[in-house]
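Here is the structure we will look at.
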Amino acid sequence: MPTPYDPQNIFARILRGEIPNKTVLETEHSLAFHDIAPQAPVHVLVIPKGPYASFDHFIEKAAPAEIADFNRAIMQVIADLGLAEMGYRIISNAGVHGHQEVPHLHMHVLGGAPLGPMLQRS
């Protein structure tokens, strides 16, 4: 079952200016900011400004301009933070099995050090 969008989620509240953030980049359709609990030396979240719960919801409902802007914003963050040369990781969690904690599409951009294996088997 798809994750429903909750307009009271933390990222919606950030977009409304109710919660402060450390902005890295803002465009017409996207916002990038530092994660408050970084998992790497560089850990930035990139979110669309529209009410999209997950990547599949975004691709299905967003306008082409929003999709292009979001992807360009991710690449601009990577370039601006100097991550391209040594490498980076982009992660988006969706749904229960993907361990999505906030029902607003967000891409984690991580880098600045070796990140290790992507998943660890338990």
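Bear in mind these aren't lab numbers, they're just calculated from the coordinates by the rules spelled out. What you are looking at is a predicted structure, and each value in this text was computed from that prediction instead of being measured. Every residue, glycine among them, receives a Cβ derived from its backbone with ideal geometry; neighbour counts consider all protein chains shown.
Among 86, 75, 118, 107, sorting on how many other beta-carbon atoms sit within 10 Å of each Cβ, with the fewest leading, yields 118, 86, 75, 107. For the chain, the Kirkwood estimate of the hydrodynamic radius, built from every pair of different alpha carbons, is 14.9 Å. Under a 5 Å amide H cut-off, with hydrogens placed 1.01 Å from N, residue 49 pairs with 30, 31 among residues at least 5 apart or on other chains.
Among 43, 99, 34, the ranking by other beta carbons within 10 Å of each residue's beta carbon, starting with the fewest, stands as 99, 34, 43.
Using C-alpha pairs below 8 Å separated by at least 6 residues, the relative contact order for the chain is 32 percent. Of all stretches in the chain that contain no trypsin sites (Lys or Arg not before Pro) in a DSSP loop with at most 10 other Cβ atoms within 10 Å, the longest one is 23-120.
Which FRET efficiency, nearest 0.05, do residue 22 and residue 97 yield, Cβ-Cβ r, R0 41 Å?
On the way: r = 30 Å, r/R0 = 0.74.
About 0.85, to the nearest 0.05.
Positive contributions from Lys and Arg (+1) and negative ones from Asp and Glu (-1), summed over other residues with Cβ under 13 Å from the Cβ of residue 62, come out at -3. Checking every one of the GluC sites (Glu not before Pro) in the stretch 1-103 against DSSP loop status and a limit of 15 other Cβ atoms within 10 Å picks out 18, 28, 85, 101. Label sites at residue 6 and residue 59, each approximated as a point 7 angstrom past Cα along Cα to Cβ, lie 2.5 nm apart.
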